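*Asks:* Supplied in structure tokens, the structure appears directly below.
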């Protein structure tokens, strides 16, 4: 993905700069100065992770979800920490780790997790786990056609497995854990199977990647992907202050300026420099600083070519890499041409929240309001997949939430997702899957707005739904009288959850 606009599952996603990280972060000094760990000692650096997880239940959000288990791999890094994939420990309720030649299982907990880059750091509750272990050091980006070795516990095996492969591609891939974030990924000719996830990929005794995803056999055989060191290093730097801020976005879309006629129309020299800003997200950090039609000529002093590439560290890379190496609150200096006038502007980086609606969500309970047997929930990827809604209006609000800036009027899209049948809500089934617009004349922009509306005393609650000619009317006295009956009948233990 470029600096422009993110797409996933045919959905127009918001303006990410997250995909390019190539060889832009320096090798940590410790990796360069510390002798490589001997490969035969790798068993002293690995951890077999057993996870007991519980997925949220979006169809009955007051009820606990299904409990499942899985096995993954992690490896020891500095400060007595274990690095693994986020998807290995997502929604975890209980974690244990084991090491080779030790029969004990040690309890662990997630210290930091980055769902956008599929990485996590674990801490073990018992310091004795780290006795006789050796932390691995980070290396660099391996060369194409060079050999690497992936270590882990695939398909639930209890003993260490080693698989060698060839580096076949260094490219940008969507990280399937979130399904909307994409970063640099390295393809290797070695299968990455369940259980391999989170394991180190080594070259010359140093970590060059973390195994994290692969193709199923009916798509491609013996093809796997690893998260490269620059992404790992950025994650570790981000959490060094005790908090993970995630990747940042300029929140713009750009258009290449390779067409000579367009360049002449814009008054640009015939020097193949500059790209046009085609979209500035209303909720992004560039809003009010950049404008549609601006021509970006340089970013942090690096000239921008007409195809959106620049040169960093002697390599030609997409200009998004300049942002990839930065963190929340950092400045990005841009030299632009606006209305044929050159000027300099500065953007302070911050995250763009609207795209999260279309990302997989983990480690958070579903948010909802249940009143009078009517269940209301915010639209999200998890919600949509749970209900498999095919209502065209709901699909439009999901698919075009970013492109059409629907988040301006509806920061949260509140859907009447289900009706628990009761005399208090008889004849309301036609309103199911409707999007709430107002309650008693007050706009509903968030789930909190709806909850507040139900708290206000009224004889009736008149709920207007988008695109529906008649309102949903709920008698307050009848709804209050039905509360205990509905809760008992449908085993409702909590009537709302407004926070994650």
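Rule-based calculations on the coordinates, nothing more; no lab input. Just so we're clear, the structure is a prediction, and the values are computed from it rather than from any experiment. FYI the Cβ positions are ideal-geometry reconstructions off the backbone, even for glycines, and counts take in every protein chain you see.
*Asks:* Place a point 7 Å from Cα of residue 265 in the direction of its Cβ. Which residues in the range 285-328 have their backbone N less than 15 Å from it?
*Replies:* 293-295
*Asks:* Based on alpha-carbon centroids, what's the gap between the range 361-413 and the range 266-305 in Å, whole number please?
*Replies:* 33 Å
*Asks:* Simple spin-label model, 7 Å along Cα-to-Cβ: residue 307 to residue 468 in nm?
*Replies:* The two pseudo-label positions are separated by 5.2 nm.
*Asks:* Here is a follow-up. Normalise the Debye intensity by I(0) for the range 18-244, one equal point scatterer per Cα, no solvent, then take log10 at q = 0.07, 0.08, 0.12 Å⁻¹ and round to two decimals.
*Replies:* -0.20, -0.26, -0.60
*Asks:* In what sequence do 285, 117 fall when counting other Cβ within 10 Å, fewest first?
*Replies:* Going from sparsest to densest Cβ surroundings: 285, 117.
*Asks:* Okay, moving on. Once the Cα atoms of the chain are picked out, what are the Rg and Dmax in Å?
*Replies:* Computed over the Cα atoms of the chain, radius of gyration and Dmax are 25.6, 76 Å.
*Asks:* Please report the projected area of the range 252-348's Cα convex hull averaged over all directions, in nm².
*Replies:* Hull-based average projected area comes out at 6.0 nm².
*Asks:* What is the mean projected area of the alpha carbon convex hull for the range 417-500, to one decimal in square nanometres?
*Replies:* Across all orientations, the range 417-500 yields a mean hull projection of 5.8 nm².
*Asks:* If we count other beta carbons within 10 Å of each Cβ, what is the order of 123, 464, fewest first?
*Replies:* The fewest-first ordering by Cβ neighbours comes to 123, 464.
*Asks:* Please state the relative contact order of the chain as a whole percent: Cα pairs under 8 Å, 6+ residues apart? Numbers along the way, then the final one.
*Replies:* Working: 1200 pairs, mean separation 67.9, N = 500.
Dividing the mean separation by the residue count of the chain yields 14 percent.
*Asks:* Give the relative contact order (percent, whole number) for the range 289-382; include only Cα pairs under 8 Å separated by 6+ residues.
*Replies:* 22 percent
*Asks:* How high is the relative contact order of the range 365-497, in percent, with contacts defined as C-alpha pairs under 8 Å that are six or more residues apart?
*Replies:* 29 percent
*Asks:* On to the next question. For residue 500 and residue 162 in one chain, what is 0.36 nm times their gap in residues minus the Cα-Cα distance, to one decimal in nm?
*Replies:* Roughly 117.7 nm would be gained on extension.
*Asks:* Now, a different point. Give the Cα extents of the range 279-408 along the principal axes, in whole Å, largest first.
*Replies:* 60, 32, 25
*Asks:* Also, I was wondering about something else. Neighbour counts of other C-beta atoms within 10 Å: give me 226, 262, 248 arranged from fewest to most. Before the final figure, lay out the partial values.
*Replies:* Details: 226 30, 262 14, 248 24.
Ordered from fewest to most neighbouring Cβ atoms within 10 Å, 226, 262, 248 come out as 262, 248, 226.
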